[in-house]
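Novice: Here it is, the structure in full.
The values are calculated or read from the model by the stated rules, or taken from the named source; none is laboratory data. Here the structure is a predicted model, which means the values were calculated and not measured. When we count neighbours, we look across all protein chains shown, and the Cβ atoms used for this are built from the backbone with ideal geometry, even at glycine. Side chains included, ligands, DNA and RNA excluded: accessible areas come from the protein's heavy atoms. Shrake-Rupley method; radii C 1.70, N 1.55, O 1.52, S 1.80 Å.
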Amino acid sequence: MPYLLISTQIRMETGPTMVGDEHSDPHLMNMLGAVQRNALGNNFCEYYVNDVPRVVLDKLERLGYRVVSMTGVGQTLVWCLHRE
């Protein structure tokens, strides 16, 4: 998968950071130290790490990902990354 979305809510200085959905590459999620969880009321799972977004972005850059775009949606920040 060459594209990846990561996001964080409310405060980007504290984490956690959402790094994938239930269809994400398990090998990549393992490299990030992500844990899959299902929030109460959701019928889908997401992968989270306790790291702040800056740390996650640093890890992903070392793995060959580059930020394509970033936006804020309400109190959520979202980054779109791509790997060649």
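Novice: Only Cα pairs under 8 Å and at least 6 apart count here; give the relative contact order of the stretch 3-82 as a rounded whole percent.
Specialist: Working: 140 pairs, mean separation 29.5, N = 80.
Relative contact order comes out at 37 percent.
Novice: For the chain, report the accessible area per residue in Å² (1.4 Å probe, heavy atoms, rounded to an integer). Intermediate results must be reported in sequence, preceding the final value.
Specialist: Details: 5570 Å² over 84 residues.
Roughly 66 Å² per residue, with all protein chains present.
Novice: Let me ask something else about it. Let me make sure I get this right: for the stretch 23-77, a, b and c are the square roots of the gyration tensor eigenvalues over alpha carbons, sorted descending. Under 1.5 in a/c it's rounded, otherwise prolate if a/b > b/c, else oblate. Which is it?
Specialist: On the way: a/c = 1.96, a/b = 1.19, b/c = 1.64.
Oblate, since a/c reaches 1.5 and b/c is not below a/b.
Novice: Restrict the search to the stretch 2-63; then list the GluC sites (Glu not before Pro) that DSSP places in a loop and that have at most 13 other Cβ atoms within 10 Å of their Cβ.
Specialist: Qualifying residues, ordered by number: Glu13, Glu22.
Novice: For Cys45 and Asp25 in the same chain, what is the full-extension length gain: residue separation times 0.36 nm, less their Cα-Cα distance, in nm? Could you put the intermediate results ahead of the total?
Specialist: Working: separation 20, 0.36 × 20 = 7.20 nm, distance 1.34 nm.
This chain segment gains 5.9 nm when fully extended.
Novice: Among Leu28, Leu63, Leu40, which one shows the highest mean-square fluctuation when the chain is modelled as a Gaussian network with alpha-carbon springs under 10 Å?
Specialist: Maximum among the listed residues: Leu40.
Novice: I would also like to ask the following. Given the -39500 (n - 2.57) contribution per DSSP H run of 4+ residues, what per-residue ellipticity at 222 nm results for the chain, rounded to the nearest 500 deg cm²/dmol? Provide the component values of the computation, followed by the final result.
Specialist: On the way: 2 runs with 17 residues, N = 84.
Helices in the chain give a 222 nm mean residue ellipticity of -5500 deg cm²/dmol.
Novice: Specify the residue with the greatest mean-square fluctuation among Asn42, Asn30, Asn50, computed from a Gaussian network of the chain linking alpha-carbon atoms under 10 Å apart.
Specialist: Its mean-square fluctuation being the largest, the pick is Asn42.
Novice: Arg54: net charge of surrounding residues, Cβ under 12 Å, Lys/Arg +1, Asp/Glu -1, itself excluded?
Specialist: On the way: positive: Lys59; negative: Glu13, Asp51, Asp58, Glu61.
With Lys, Arg at +1 and Asp, Glu at -1, the net is -3.
Novice: Are there chymotrypsin sites (Phe, Trp or Tyr not before Pro) in the stretch 15-84 that DSSP marks as loop and that have at most 12 other Cβ atoms within 10 Å, and which are they? Mind showing how you got there, number by number?
Specialist: Values: sites: Phe44, Tyr47, Tyr48, Tyr65, Trp79; in loops: Phe44.
Here the chymotrypsin sites (Phe, Trp or Tyr not before Pro) that fit, given the DSSP loop and packing criteria, are Phe44.
Novice: Tally Lys and Arg at +1 and Asp and Glu at -1 over the other residues with C-beta under 15 Å from the C-beta of Gln36: what net charge comes out? Kindly include the intermediate steps, with their values, before the conclusion.
Specialist: Numbers: positive: Arg37; negative: Asp21, Glu22, Asp25, Glu46.
The answer is -3.
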